[in-house]
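Chemist: For reference, the structure I am asking about is given below.
The values are calculated or read from the model by the stated rules, or taken from the named source; none is laboratory data. From a predicted model like this one, the values you see are computed outputs, not experimental measurements. Glycine gets a Cβ as well: all are built from the backbone with ideal geometry, and neighbour counts include every protein chain shown.
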There are 4 protein chains.
Amino acid sequence: MTSSDVLDTSLNIQLVQSGKILLGDIDQILKVLKKQAKKYKYTPCIGRSHGIHAEPITFGLKLASFYEEFKRNRKRLVDAIAEISTCAISGAVGTFANISPNVEKHVAKKLGLKVEPISTQVIPRDRHAFYFSILGIIAGSVERVAIEIRHLQRTEVYEVQEFFSKDQKGSSAMPHKKNPILSENLTGLARMVRSAVIPALENIALWHERDISHSSVERNIGPDANITLDFALARLGNILDKMIVYPKKMIENLNITKGLIFSQEVMLELTKSGLSREQSYKIVQNYAKKCFAEDLNLFDVISNDKFIMAKISSKKLKAIFNYSSHFKNVDLIFRRVFK
Amino acid sequence: MTSSDVLDTSLNIQLVQSGKILLGDIDQILKVLKKQAKKYKYTPCIGRSHGIHAEPITFGLKLASFYEEFKRNRKRLVDAIAEISTCAISGAVGTFANISPNVEKHVAKKLGLKVEPISTQVIPRDRHAFYFSILGIIAGSVERVAIEIRHLQRTEVYEVQEFFSKDQKGSSAMPHKKNPILSENLTGLARMVRSAVIPALENIALWHERDISHSSVERNIGPDANITLDFALARLGNILDKMIVYPKKMIENLNITKGLIFSQEVMLELTKSGLSREQSYKIVQNYAKKCFAEDLNLFDVISNDKFIMAKISSKKLKAIFNYSSHFKNVDLIFRRVFK
Amino acid sequence: MTSSDVLDTSLNIQLVQSGKILLGDIDQILKVLKKQAKKYKYTPCIGRSHGIHAEPITFGLKLASFYEEFKRNRKRLVDAIAEISTCAISGAVGTFANISPNVEKHVAKKLGLKVEPISTQVIPRDRHAFYFSILGIIAGSVERVAIEIRHLQRTEVYEVQEFFSKDQKGSSAMPHKKNPILSENLTGLARMVRSAVIPALENIALWHERDISHSSVERNIGPDANITLDFALARLGNILDKMIVYPKKMIENLNITKGLIFSQEVMLELTKSGLSREQSYKIVQNYAKKCFAEDLNLFDVISNDKFIMAKISSKKLKAIFNYSSHFKNVDLIFRRVFK
Amino acid sequence: MTSSDVLDTSLNIQLVQSGKILLGDIDQILKVLKKQAKKYKYTPCIGRSHGIHAEPITFGLKLASFYEEFKRNRKRLVDAIAEISTCAISGAVGTFANISPNVEKHVAKKLGLKVEPISTQVIPRDRHAFYFSILGIIAGSVERVAIEIRHLQRTEVYEVQEFFSKDQKGSSAMPHKKNPILSENLTGLARMVRSAVIPALENIALWHERDISHSSVERNIGPDANITLDFALARLGNILDKMIVYPKKMIENLNITKGLIFSQEVMLELTKSGLSREQSYKIVQNYAKKCFAEDLNLFDVISNDKFIMAKISSKKLKAIFNYSSHFKNVDLIFRRVFK
């Protein structure tokens, strides 16, 4: 048995163990997200695209979307662990010239690993590249949630806040500030985990039956990327578990645009009445501009337009300017995600 | 003269020309930023750290900060162009075995390039790596400005808006929406330009007196990174030139926190009266929490605290709750930047 | 149905189609590798670690190792295609507010896609990040094979050569040169495909229910990474199919070190005779140094050492200095790989 | 003075100090390279492009090329240190609202830093991105030299060898092996240093007057990239200083192709006699192929061709098949580099 045989299989064992810790972290996140998604299943808040208010959603839907993403990440990580769950004890260049393949088989079984079907002096590095690529993707998901919290904690938005203990100081200079520093921290850590991906990909093309250039890379990214992601996931689970949610502020924000967010449905209703999509769009956009410019409420303005009211009943209009119609499929979506 | 001599010097000529186009783009941005910074030199808006309101600044200061950053980028780009302004006509392995060094000297002079002091079959690729790294940094600055605009155009913030022609449709589905799509586009393009940096760095370590692995990289990133950045810079200049600024909304946002943003100065003033920083911090933080929780105005609350008012004069307190004291050094900063 | 619904599902359809083309490329590579591996199953060549001769392998083993790696890549690509085989027609923020979920279901079925369980305005970008990460890994494998060929075609090694048509010019300046330019080209292209991974990971963290920063990235890397990898895989298949192999040169190279490559086995045999590993190592290393310094043949030197020959029979020694004992498990490995 | 003022300026001080250590490392490398380049100024070896023998160079030229590259790196690093030699003490959002600009000026002078002309809560991160980009470029140069040594130590090439102490074990399994493990290690470390560049570029686009996402990145790459590069540069200097050079093997390798490397000059000489380049190329390529196929010496073959010998004098032919004519400009190049 060569030292490469021992060291290389050891590395895989360590990565498998690290991967399992990360799996545990993800399970914790899934548990918290499920709890919170159900809690806020019907808590209305504005859905935003391009940072601009679009249409109502519920806060639970945001969380359910994260849940589904981490479910995918869990599956990817399981696959990644399987990828590096191999054992190679095949000698200096992988020929079993001085050692029986049965040793490899025996050791693999003892260690709960699969036999590497064909190795050089080392286990091929595309396996490790896959593992670290998955860490990079998971880090991207961590960043997605962290960015969301940072946005929702902005002073002007303030729908969500990272937990802030009674005795905790905020900004050292500014006593009034409660900063989403944990989520900001995660944003930076996501950059770090991602930065391990390219070196891992560069490690694949070893010379001939191995060169050892991969080793210094793995001695760095092995512990660093795993530990950083472990820390980040644990922190994220904690943030999600303890976050303070302000449903009242969510409603206030929903109303900021004074009904403009229902403009699409007015438009769609108009098209049903026989107007072309272009005509309907034009009519509604004009009123939307007017409301925005003069700080008017879209419902009031439209109620006073006889042309429109001849096409849309008063009852229908009221239904349009109501969140709840937007939530009729929330339960369906939740069943898809949490069943 | 070998084909490598010709092709390699040609590449440098193309990069120099591209670099000069980018310089022109930056000059245009500098011109626009200078104009806008001066226009909004004393337009008050909130300064934010961690996305949370901190203390007042002026919108002109934001723009001046971008101006200074693009000044640095200009200088970096001039250096980068100088780095690749070299000519090598030195034969198959750089020894001038079959061509006189005078040819190189002559051609370099004709082309306005410097003689490459020592080349292999090609010009060393650390020069090109420097050039593309600078493109990556400039792209980072483009992203910084783009992110700022996207933030300022958020529905809840709405202090700035990308230009939106009268006849332009907004969202195809939602007639009321005006999305900062140009700045979002720049955010993505910054990712693309940045992605050229690592391949350019990987190109440095050519084998022996050259291998041609760098070539397929350069045939891609040469045009792509330069053209993408040219497009992005031109677009950014245009956005900054035509952006719609809402000073009134900036004032409204400044007042959202009802005076909390002046808490630091109240605290500092208290320390001058003999209280420790810790005591002062505690007092002010408590009031800040109270105001936030009960939607009160910090000025009113503090005016009614006899303990504090015994330490801070009423006149002083009024001065503290006033933006203008924050702007006393704006002119100094502008002189530093625009002199 | 919003334009986002249409565009986003369209992107996935395009990626699925691209992925399937890549699958076809990989299948072609697998076919060629299988053919060549079997052809050269017992063609002896030196196994190298650290670029230094280690122990004999067969050229077929090299190719079998690539085969197994591309088998893994095939499976990863199948998974990646499944990841982006989803359809979302869920409206402006994913709530199905103005469209029935049945439309989504119907369209998904028609298109052979799965329903996206929960979407925002768009399909979540961790899916696309996974897809592009897999392209990056496959590119790493392309590079691995390309680097191997470049090494084997080095003048001093010359065991393999890229196909070179009778009428083809070599170097334009140097008529005698046959350069592995196709494999060098692949090395650079691998850098390009890899460079798409980070932007794809950066695309995950979209703001709220979507921002459009991902779009300019995908309009670039969507076609570029797929087409580049398609080209690279097709070229690689072609190189492997037509490569010229020089078994005679492989044997010559095996003998360059005059038996030094069998030193490990001499050492191991000595330990069986009762010597400690340290003693054995020392003895053999001394002879190895002597042979290297004085250009002697290790077999001759050892044959003349009475101390050693008292421990190793002459017959055994001859067996040690023979490649074939190294190949006793080649068939086992081939069965593992090709069964 | 806020804690941001203190921490941010402290970071710059640390980076400046790190940068100066790296400068010292580079100076050491320059010293060693100069010494070695002069020592091997006229030591002939083969120049290779595409890994294929091209034309003769001297080993000193290789080293001089590295010297010039590290001179460029030195200048870049000096610029990078200047970039982050700034001090900002400007308060919570950079307005000097509660602190006089004179404090900044005073502290900057004391610390030997420049005043940051305009800061937000922090010093703008394009400066740091520049610094880390330069580290990435230097790492690329380290890799270039490391790859060269690894190539030159290949068993088939063996022109150069990393120092190997008398008592040092080689491979643990294979007593005869002397592996270029230090240079392989550097290849991996280069990947690590490079991996800091993208996070540093991603750090530029902080939100508004700062978010703290950059901090966790800098706490990692600050020490890691600097220390890794310091270690790598020190190791590289040591390798270059102590490397064992085999001029005899260089001559042997030069002769491997039996004169084929002079084919270009034969071709050029033929064109001077009135033949077209195409004709000359064809004639020489045919002979080159014949020599390669039948293991003949190009000089002999051409000497026997009456058609050629009617155009090239015997004296001229001898001059062509001689290294020294290739070295006539070595001194000129050395003067360019070392003057």
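Chemist: Looking at segment B:222-239 only, could you name the residues that are under 19 Å from B:GLU143 (Cβ atoms) and surrounded by fewer than 24 Cβ atoms within 10 Å (Cβ to Cβ)?
Modeler: Pass one, segment B:222-239, residues under 19 Å from B:GLU143 (Cβ atoms): B:224-239.
If the condition is that a residue be under 19 Å from B:GLU143 (Cβ atoms) and surrounded by fewer than 24 Cβ atoms within 10 Å (Cβ to Cβ), then B:ASP224, B:ASN226, B:ILE227, B:THR228, B:ASP230, B:PHE231, B:ALA234, B:ARG235, B:GLY237, B:ASN238, B:ILE239 are the ones that fit.
Chemist: Would you be able to say whether some residue in segment B:134-156 is within 11 Å of chain D (Cβ to nearest Cβ) and more than 30 Å from B:ALA234 (Cβ to Cβ)?
Modeler: Filtering segment B:134-156 for residues within 11 Å of chain D (Cβ to nearest Cβ) gives B:134-148, B:150-152.
Still in the list and also more than 30 Å from B:ALA234 (Cβ to Cβ): none.
Scanning segment B:134-156 turns up no residue that is within 11 Å of chain D (Cβ to nearest Cβ) and more than 30 Å from B:ALA234 (Cβ to Cβ).
Chemist: Same structure, new question: Assuming C:LYS282 fulfils every condition listed in (1) crowded, with 20+ Cβ neighbours inside 10 Å; (2) within 11 Å of chain D (Cβ to nearest Cβ) apart from one, which condition is it?
Modeler: Looking at each condition in turn, C:LYS282 falls short on (1).
Chemist: Tell me, please, whether a residue that is modelled with pLDDT of 95 or more, of a type in the set (Phe, Trp, Tyr), within 19 Å of B:ARG235 (Cα to Cα) and surrounded by 18 or more Cβ atoms within 10 Å (Cβ to Cβ) can be found in segment B:67-89. Quick ask: steps written out before the conclusion?
Modeler: Taking segment B:67-89 as the starting set, the residues that turn out to be modelled with pLDDT of 95 or more are B:67-89.
With of a type in the set (Phe, Trp, Tyr) added as a condition, the list becomes B:67, B:70.
Still in the list and also within 19 Å of B:ARG235 (Cα to Cα): B:67, B:70.
Next cut, surrounded by 18 or more Cβ atoms within 10 Å (Cβ to Cβ) only: B:67, B:70.
Yes, the conditions are met somewhere in segment B:67-89.
Chemist: Then there's this: Where in segment C:248-339 are there helices (runs of 4 or more DSSP H), lying wholly inside it, with at least 1 residues that are more than 27 Å from A:SER119 (Cβ to Cβ)? Before the answer, list the steps.
Modeler: On the way: elements: C:263-272, C:277-294, C:298-303, C:306-309, C:314-320, C:330-338.
Result: C:277-294, C:298-303, C:306-309, C:314-320.
Chemist: Evaluate the following for A:ALA146: is it in contact (Cβ under 8 Å) with a residue 12 or more places away in the chain and either crowded, with 23+ Cβ neighbours inside 10 Å or of a type in the set (Val, Ile, Thr) (or both)?
Modeler: yes
Chemist: Looking at B:VAL122, B:VAL115, which is the one that is over 26 Å from B:ALA196 (Cα atoms), in contact with a strand residue (DSSP E or B) (Cβ under 9 Å, 6 or more places away or on another chain) and among the aliphatic types (A, V, I, L, M)? Step through it out loud before you land on a result.
Modeler: Numbers: B:VAL122 fails: over 26 Å from B:ALA196 (Cα atoms).
The match here is B:VAL115.
Chemist: Next question, about the same structure. Can you pull out the residues in segment D:101-128 that are in contact with a His (Cβ under 9 Å, 6 or more places away or on another chain) and more than 7 Å from chain B (Cβ to nearest Cβ)?
Modeler: D:VAL122, D:ARG125, D:HIS128
Chemist: For segment A:1-42, give me each residue that is hydroxyl-bearing (Ser, Thr, Tyr), surrounded by 18 or more Cβ atoms within 10 Å (Cβ to Cβ) and in contact with a helix residue (DSSP H, G or I) (Cβ under 8 Å, 6 or more places away or on another chain). Walk me through how you get there before you give the answer.
Modeler: Start the filter on segment A:1-42 by keeping residues that are hydroxyl-bearing (Ser, Thr, Tyr), which leaves A:2-4, A:9-10, A:18, A:40, A:42.
From the residues that got through so far, the ones that are surrounded by 18 or more Cβ atoms within 10 Å (Cβ to Cβ) too are A:2, A:4, A:9, A:18, A:40.
Answer for segment A:1-42, where residues must be hydroxyl-bearing (Ser, Thr, Tyr), surrounded by 18 or more Cβ atoms within 10 Å (Cβ to Cβ) and in contact with a helix residue (DSSP H, G or I) (Cβ under 8 Å, 6 or more places away or on another chain): A:THR9, A:SER18, A:TYR40.
Chemist: Every residue in segment B:290-323 that is among the small types (Gly, Ala, Ser) and exposed (fewer than 11 other Cβ atoms within 10 Å of the Cβ), please.
Modeler: Here is the first cut: in segment B:290-323, the residues among the small types (Gly, Ala, Ser) are B:293, B:303, B:310, B:313-314, B:319.
Within segment B:290-323, B:ALA293, B:ALA310, B:SER314 qualify.
Chemist: On to the next question. Considering segment D:79-100 alone, what residues qualify as being more than 8 Å from every other protein chain (Cβ to nearest Cβ) and aliphatic (A, V, I, L, M)?
Modeler: Listed by number, the residues that qualify are D:ALA80, D:ILE81, D:ALA82, D:ILE84, D:ALA88, D:ILE89, D:ILE99.
Chemist: Looking at segment B:112-143, which of its residues are within 26 Å of A:ILE147 (Cβ to Cβ) and in contact (Cβ under 8 Å) with a residue 60 or more places away in the chain?
Modeler: Keep residues of segment B:112-143 that are within 26 Å of A:ILE147 (Cβ to Cβ), which gives B:135-143.
Within segment B:112-143, B:LEU135, B:GLY136, B:ILE137, B:ILE138, B:ALA139, B:SER141, B:VAL142 qualify.
Chemist: Shifting gears a bit: For segment A:173-224: of the residues being assigned to a loop (DSSP other than H, G, I, E, B) and among the charged types (D, E, K, R), which is farthest from the other protein chains (Cβ to nearest Cβ)? Explain how you work it out, then say what you get.
Modeler: Here is the first cut: in segment A:173-224, the residues assigned to a loop (DSSP other than H, G, I, E, B) are A:173-180, A:195-196, A:203-212.
Those still in the list that are among the charged types (D, E, K, R) too: A:177-178, A:209-211.
Working: A:LYS177: 5, A:LYS178: 7, A:GLU209: 5, A:ARG210: 5, A:ASP211: 5 Å.
Per the criteria, the residue is A:LYS178.
Chemist: Related question: Looking at A:GLU209, A:GLU218 in this structure, which one is charged (D, E, K, R), buried (at least 19 other Cβ atoms within 10 Å of the Cβ) and in contact with a Ser or Thr (Cβ under 9 Å, 6 or more places away or on another chain)?
Modeler: Working: A:GLU218 fails: in contact with a Ser or Thr (Cβ under 9 Å, 6 or more places away or on another chain).
Going through A:GLU209, A:GLU218 in turn, just one is charged (D, E, K, R), buried (at least 19 other Cβ atoms within 10 Å of the Cβ) and in contact with a Ser or Thr (Cβ under 9 Å, 6 or more places away or on another chain): A:GLU209.
Chemist: If I filter segment C:119-158 down to residues being of a type outside the set (Asp, Glu), over 21 Å from the mean Cα position of the chain (by Cα) and not in a helix (DSSP H, G or I), which single residue comes out as farthest from C:ASP79 (Cα to Cα)?
Modeler: Per the criteria, the residue is C:THR155.
Chemist: Then there is this: Quick check: anything in segment A:46-53 at pLDDT below 95 and facing chain C (nearest Cβ under 7 Å)?
Modeler: No: zero hits.
Chemist: Can you name every residue in segment D:193-206 that is buried (at least 24 other Cβ atoms within 10 Å of the Cβ) and of a type in the set (A, V, I, L, M, F, W, C)?
Modeler: Of everything in segment D:193-206, those that are buried (at least 24 other Cβ atoms within 10 Å of the Cβ) and of a type in the set (A, V, I, L, M, F, W, C) turn out to be D:VAL193, D:ALA196, D:VAL197, D:ILE198, D:ALA200, D:LEU201, D:ILE204.
Chemist: Return yes when D:VAL103 is assigned to a loop (DSSP other than H, G, I, E, B), out of contact with any strand residue (DSSP E or B) (no Cβ under 8 Å at 6 or more places or on another chain), modelled with pLDDT of 95 or more and among the β-branched types (Val, Ile, Thr) and no when it is not.
Modeler: Values: assigned to a loop (DSSP other than H, G, I, E, B): no; out of contact with any strand residue (DSSP E or B) (no Cβ under 8 Å at 6 or more places or on another chain): yes; modelled with pLDDT of 95 or more: yes; among the β-branched types (Val, Ile, Thr): yes.
No; evaluated as a whole, the condition is false for this residue.
Chemist: Residues C:ARG219, C:ARG210, C:ARG277, C:ARG235: which one is of a type in the set (Lys, Arg) and closer than 30 Å to A:VAL157 by Cα?
Modeler: Details: C:ARG219 fails: closer than 30 Å to A:VAL157 by Cα; C:ARG277 fails: closer than 30 Å to A:VAL157 by Cα; C:ARG235 fails: closer than 30 Å to A:VAL157 by Cα.
The conditions single out C:ARG210.
Chemist: Within segment C:79-97, work out how many residues are without any contact (Cβ under 8 Å) to a residue 40 or more places away in the chain and out of contact with any Leu (no Cβ under 9 Å at 6 or more places or on another chain). Lay out the reasoning, then the answer.
Modeler: Taking segment C:79-97 as the starting set, the residues that turn out to be without any contact (Cβ under 8 Å) to a residue 40 or more places away in the chain are C:82, C:95-97.
Filter once more, so that each one left must be out of contact with any Leu (no Cβ under 9 Å at 6 or more places or on another chain): C:82, C:97.
Qualifying residue count, segment C:79-97: 2.
Chemist: Can you name the condition, by its number, that A:GLU252 falls short on among (1) more than 14 Å from chain B (Cβ to nearest Cβ); (2) without any contact (Cβ under 8 Å) to a residue 12 or more places away in the chain?
Modeler: (1)
Chemist: I've got another one for you. Which condition number in (1) in contact with a helix residue (DSSP H, G or I) (Cβ under 8 Å, 6 or more places away or on another chain); (2) surrounded by fewer than 15 Cβ atoms within 10 Å (Cβ to Cβ); (3) within 14 Å of chain A (Cβ to nearest Cβ) is the one that B:TYR287 fails?
Modeler: Every condition holds for B:TYR287 apart from (2).
Chemist: Let me ask you something else. For residues in segment C:54-78 being over 21 Å from C:ASP241 (Cβ atoms), in a helix (DSSP H, G or I) and touching a residue at least 40 places away in the same chain (Cβ under 8 Å), which is farthest from the other protein chains (Cβ to nearest Cβ)?
Modeler: Out of the qualifying residues, it is C:VAL78.
Chemist: Test B:THR58 against the stated conditions and say whether it is buried (at least 19 other Cβ atoms within 10 Å of the Cβ) and farther than 19 Å from D:PRO124 by Cβ. Walk me through how you get there before you give the answer.
Modeler: On the way: buried (at least 19 other Cβ atoms within 10 Å of the Cβ): yes; farther than 19 Å from D:PRO124 by Cβ: no.
Here the answer is no, as B:THR58 does not meet what is asked.
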